[in-house]
Each structure stands twice: as C-alpha cells, then as structure tokens.
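Student: Quick one: the structure is below, and I'll ask about it shortly.
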Amino acid sequence: MQSTSTRLRLSALSFLQRIDWLGPLLVRLVFGYFWAETGWAKLHNLEFFTGRFMEWGIPFPAFSAALCAGTEFIGGVLILLGLATRLTMIPMIINMLVALIVVVLPGISTLDEFVELDEVLYVTVFVWLLTAGPGRASLDHLIARRLSDSPRMPDASFPAR
C-alpha cells in the first residue's frame, strides 16, 4: 500500500507529464513575441539602426542592419508559431553571436559580467529550441504528426511526443 505522500507525488508527476507541452509553448510565445516586436521596431527605424552598425564597425552597415532586423522579425514570428523552429534557430544564433562578439564582449572582463548578459540568455534559449524543438503545441509537431500518418510516407518516423 502506498503512503499518502507517495500517491500525491505520483499524482503530481503524472499531472506535470500531461502538461509538459506548456513550458515550451510559454517560452515560444514570450520569446517569439519579443523577437518579432524587436525586429519590427528595427525594420521601422532602419536609418537609426544602420547608424549603430556604422558606430560598431560592422561591414555593409545598411545591408547588415536590414538583415539583422529581418532575421529577428521573421524568426520571432516563426518561433511564435512553432514553425521551422529548429531551422530558424540557426540564423537567430548567428545573429546573436555576432552581437555578442562584435558589440558586447569587448566591454566584458569577468565571468559574472558575461553570464549576466541578455545575449547569453538569448543564445541559451535558441540552443535549447534548436536541440529540444518547439514542443507538442506547435505547427512543427502538427505537420510532423500529419506526415507520419500519411499513407504516402509509411517510413516517416517522427517522435510521438
């Protein structure tokens, strides 16, 4: 016979397993909105943003600023939707690594300063989405499920999560 505390623990774990889709969804919604909004603002203020790129010494500042802003906006929308999530993380990670290396790291001298950087958190979340995927509450999951159920693709093997 199980003790009350064991039953409660098992019940809580069972509940958490049933809602394991919620964590990735919340991260994607907040993070996706953040990046879509940030990219949108930069796209609508490209002249100022290009000036910043010139100050930082980034090559082809007008092109680079537009590419960065577009990456953030489109990437943010795709993160929100959970669509092409893993593929989307590649340009998002590159975008953030460039910002870290060119703009932020020259002013950092300690590990504490480094780990407190927003950009480090951003890269960490991007890497998590790249490796873990967008979760079950995503268009990627819906598409994968549809493709795995398709009679035209009997060998499709997608995780059932």
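The values are calculated or read from the model by the stated rules, or taken from the named source; none is laboratory data. The model shown is predicted, which means the values in this text are computed figures rather than measured ones. In this analysis, Cβ positions are derived from the backbone assuming ideal geometry, glycine residues included, and neighbour counts consider all displayed protein chains.
Student: Can you tell me how many residues within region 103-127 are assigned to a helix (DSSP H, G or I) and either over 18 Å from the mean Cα position of the chain (by Cα) or of a type in the set (Ser, Thr, Tyr) (or both)?
Tutor: 12
Student: What do you reckon, is Leu29 part of a helix (DSSP H, G or I), touching a helix residue (DSSP H, G or I) at 6+ places or on another chain (Cβ under 9 Å), surrounded by 11 or more Cβ atoms within 10 Å (Cβ to Cβ) and aliphatic (A, V, I, L, M)?
Tutor: Yes.
Results for (1) within 30 Å of Leu142 (Cβ to Cβ); (2) under 15 Å from the mean Cα position of the chain (by Cα); (3) of a type outside the set (Asp, Glu), shown as yes or no for each residue.
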{"residue": "Leu43", "(1), (2), (3)": "yes, no, yes"}
{"residue": "Phe48", "(1), (2), (3)": "no, no, yes"}
{"residue": "Ser64", "(1), (2), (3)": "no, no, yes"}
{"residue": "Ala69", "(1), (2), (3)": "yes, no, yes"}
{"residue": "Ile90", "(1), (2), (3)": "yes, yes, yes"}
{"residue": "Ile101", "(1), (2), (3)": "no, no, yes"}
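Student: Sticking with this one: Could you go through region 105-112 and let me know if any residue there is crowded, with 16+ Cβ neighbours inside 10 Å and β-branched (Val, Ile, Thr).
Tutor: Checked region 105-112: no residue is crowded, with 16+ Cβ neighbours inside 10 Å and β-branched (Val, Ile, Thr).
Student: Whether any residue in region 47-65 is under 28 Å from Asp20 (Cβ atoms) and modelled with pLDDT of 95 or more is what I want to check.
Tutor: Scanning region 47-65, I find no residue that is under 28 Å from Asp20 (Cβ atoms) and modelled with pLDDT of 95 or more, so the answer is no.
Student: Quickly run through region 78-94 and pick out the residues that are surrounded by fewer than 23 Cβ atoms within 10 Å (Cβ to Cβ) and part of a loop (DSSP other than H, G, I, E, B).
Tutor: Leu83, Ala84
Student: How many residues does region 39-51 hold that are out of contact with any Lys or Arg (no Cβ under 7 Å at 6 or more places or on another chain), surrounded by 15 or more Cβ atoms within 10 Å (Cβ to Cβ) and closer than 15 Å to Val103 by Cβ?
Tutor: 2
Student: Across region 136-152, what is the number of residues that are under 18 Å from Leu87 (Cβ atoms), in contact (Cβ under 8 Å) with a residue 24 or more places away in the chain and crowded, with 16+ Cβ neighbours inside 10 Å?
Tutor: 3
Student: Same structure, new question: Out of curiosity, is Ala36 out of contact with any Asp or Glu (no Cβ under 8 Å at 6 or more places or on another chain) and either part of a helix (DSSP H, G or I) or under 20 Å from Ile93 (Cα atoms) (or both)?
Tutor: It is false that Ala36 is out of contact with any Asp or Glu (no Cβ under 8 Å at 6 or more places or on another chain) and either part of a helix (DSSP H, G or I) or under 20 Å from Ile93 (Cα atoms) (or both).
Student: Something else: Which is touching a residue at least 12 places away in the same chain (Cβ under 8 Å), surrounded by 13 or more Cβ atoms within 10 Å (Cβ to Cβ) and on the phi > 0 side of the Ramachandran plot, of Gly57, Gly70, Gly133, Gly75?
Tutor: Gly133
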